[in-house]
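Read-outs throughout are calculated quantities, based only on the coordinates presented, and are distinct from any laboratory measurement. From a predicted model like this one, the values you see are computed outputs, not experimental measurements. Note: ideal-geometry Cβ built from the backbone for every residue, glycine included; neighbour counts use all protein chains shown.
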Amino acid sequence: MVAKGASLTEVLDFVILAVEEQATVELRASILLLDDEGKQISLCAAPSLPESYRHAVALCPIDFECGPLRQTGFQEQPVLATDLTSTPEWADTAKLLTPFSIRAIWAMPIISSHQKQLGSLFIYSSAPRSPGPSEQTMIENVAQTIALAIERQQAEAEREKLLIREQSAREQAEAANRLKDEFLAVVSHELRTPLNAITGWVFMLLHRTLDDATQLRALQSIQRQVRSQCQLVDDLLDVARIVSGKLRLELSEVDPLKIIAAALDVVRPAAEAKQIDLMAELDPAVNVVWADSERLQQVIWNLLSNAIKFTPERGQVEIRLRRTDCGIDFVVADTGQGIGEDFLPYVFDRFRQADVSSTRTHGGLGLGLAIVRHLTELHGGTVSAASPGKGKGATFTVRLPIPVVPSRTSRVSGKKQQAETRLDVPAEEREILKGLRVLVVEDESDDREILSAELAHHGATVSASACAADALTELEHLRPDVLVADIGMPGEDGYSLIRKVRACPFDQGGRTPAIALTAFAGDANRKRALEAGYQRHITKPADPNELARTIVLLARGQMR
């Protein structure tokens, strides 16, 4: 009896032994099976034949050129060789099998239920002999039984493969769900934490219980928290663009030294706060790289800020710029907490963080390094991470190809990392909009009020409208120097508004410079706004000083 779960060879061995036991004379048998492509045949079962037979058959080239293999394996015909030694066409076969006392062969092709050739069943006799009718019937029945056994084993093997694939897919889905849940928990934490500080400080400011120094700290804290949230949103939008394949670069020749200097200016306050020694070893000969200036600065900024975040107080962060035979290297090394060997292969994966527990030391969404990798690869470069282990620091290397000067350069645009806004703005900059009339169109009352206050603070004469219809009436009455309008508004949006403005005659404000100030971010929304008729697209929340400078340039006709 064959045990449950026996292999195919064990099943066929059992079948052959059963055939040999039922035979009226001494017979031996073997089974040779075809491969999946039907081009090669190999010995599968021969329990009563000596080991030397297995070696002889294994060493014998099987190409279906002659003998019983051709007729059964290629032509799918039964074979009856009653005496190998007396028939010239069996001479090669007789030479091979005579050492095993085989004189006669009966062979039957093994055909599946789908009429596919599976192999051949061979019955051997030590004396010249022809099978009788009952023996022929037995051989046919055995061949059919073997075909069923093979099909059953193949079905079980395929089912086992399916189960393994299903289990693997389920484990991957569970891991993905776990990562998603962890990521959503981190997103919730990272978004709510700044809101908690903002809410607390605003409460205190409204109750006027703070002295001047504390009020200043409160406002600076609110500003930091707002920028933290903006960075989180920008990272999420970048990842969305990466996933959808909509993130594009605008390349030109840029000076990497200036890129690094700008990134260092952004991160220097954070380094000084932790007393981290920020060092730079830059090769002045590397003065050009073919890149998107803003996106390359984003790569360097991300690596530097990441290094500072994971480096303890009084540590060291170094950036190196060098040229190698393979390209231009940007290397950021730190003396921080390092990366464990088990996590190192996943350090650039989206949403992957070494520590996502509620007791983790450092915040963030785990997107920065994933964005670094994608931006680097879009530049045709590579990024790698190395660390001797936990507590031993880490080194990140961005390698970009040596630039080949193209036929023309492209305009560069993208997002820019901002340093903390200065609180000691000169008087002339505070009144930069003096003498200018600005029409604000914003349906949200709080946004409309604060935007009007910001522009008035810079010296502008501001008129505010809550909808597109009122704005069109005010446009003719006020004749503003610049229009600042929201896009998402009920009833009639900012796209419809600007198209109606552009349809107005010149003397009714049809050529008024306009800024789309909107929460609809991204390149696609920017392009749509410009195509509709706006001169600039600025994403909320806007830096008040940047908005004021943009208004001045538009009013002077420098950005038309």
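Mind ordering 437-449, 87-99 by average Cβ neighbours within 10 Å, highest first?
437-449, 87-99
What pairs in Lys500/Lys527; Lys258/Lys434; Lys309/Lys540 have C-alpha atoms more than 22 Å from each other?
Checking Cα-Cα distances, Lys258/Lys434; Lys309/Lys540 exceed 22 Å.
Suppose a student asked you for the relative contact order of the stretch 196-340, using Cα pairs under 8 Å spaced at least 6 residues apart; what percent would you report?
Once divided by the residue count of the stretch 196-340, the mean separation gives 20 percent.
Amide H neighbours of Gln316 under 5 Å, counting only residues 5+ apart in sequence or on other chains, H built in-plane at 1.01 Å?
Asp277, Thr335
Rg/Rh for the stretch 253-400: what does it come to with C-alpha atoms and Rh from Kirkwood?
The Rg/Rh ratio comes out at 0.95.
What is the fewest-to-most order of Arg248, Arg208 by other Cβ atoms lying within 10 Å of their Cβ?
Arg208, Arg248
Is the stretch 481-560 best put as rounded, prolate or oblate by its Cα gyration tensor, with a ≥ b ≥ c the root eigenvalues, rounded for a/c under 1.5, and otherwise prolate when a/b is larger than b/c, oblate when not?
Judged from the Cα gyration tensor, the stretch 481-560 comes out oblate (a/c at least 1.5, b/c at or above a/b).
How do the peptides 161-173, 112-124 rank, highest first, by the average count of neighbouring beta carbon atoms within 10 Å per residue?
Most protected by this proxy first, the peptides run 112-124, 161-173.
Of all the C-alpha pairs in the stretch 101-165, what % are more than 14 Å from each other?
It works out to 65 percent of all Cα pairs.
For the stretch 427-555, what relative contact order do you get, as a whole percent, if you take Cα pairs closer than 8 Å and at least 6 residues apart?
Rounded, it is 23 percent for the stretch 427-555.
Given just the C-alpha atoms of the stretch 427-555, how large is their convex hull per residue in cubic angstrom?
90 Å³
Would you please give the residues with an amide H less than 5 Å from that of Cys44, counting only those at least 5 places away or on a separate chain, with H modeled from the backbone geometry?
When sequence neighbours closer than 5 places are left aside, the close amide H contacts are Ile31, Leu32, Leu33.
Can you tell me the relative contact order of the stretch 312-353? Whole percent, Cα pairs under 8 Å, sequence separation 6 or more.
32 percent
To the nearest 0.05, how large is the calculated FRET efficiency for Ala469 and Leu219 if R₀ is 35 Å and r is the Cβ-Cβ distance?
In this case the efficiency is close to 0.45.
Given 0.36 nm per residue, what is the gain on full extension from Glu250 to Glu166 after removing their alpha carbon distance, in nm?
Result for the pair: 25.9 nm of gain on full extension.
If neighbour count is taken as other Cβ atoms inside 10 Å, put Arg556, Arg241 in order from fewest to most.
Arg556, Arg241
Given labels modelled 7 Å from the Cα in the Cβ direction, how far is it in nm from His457 to Leu17?
Computed distance between label sites His457 and Leu17 equals 9.3 nm.
Please compute the modelled spin-label separation between Arg314 and Asn287, points set 7 Å along Cα→Cβ, answer in nm with one decimal.
A separation of 4.1 nm, rounded to one decimal place.
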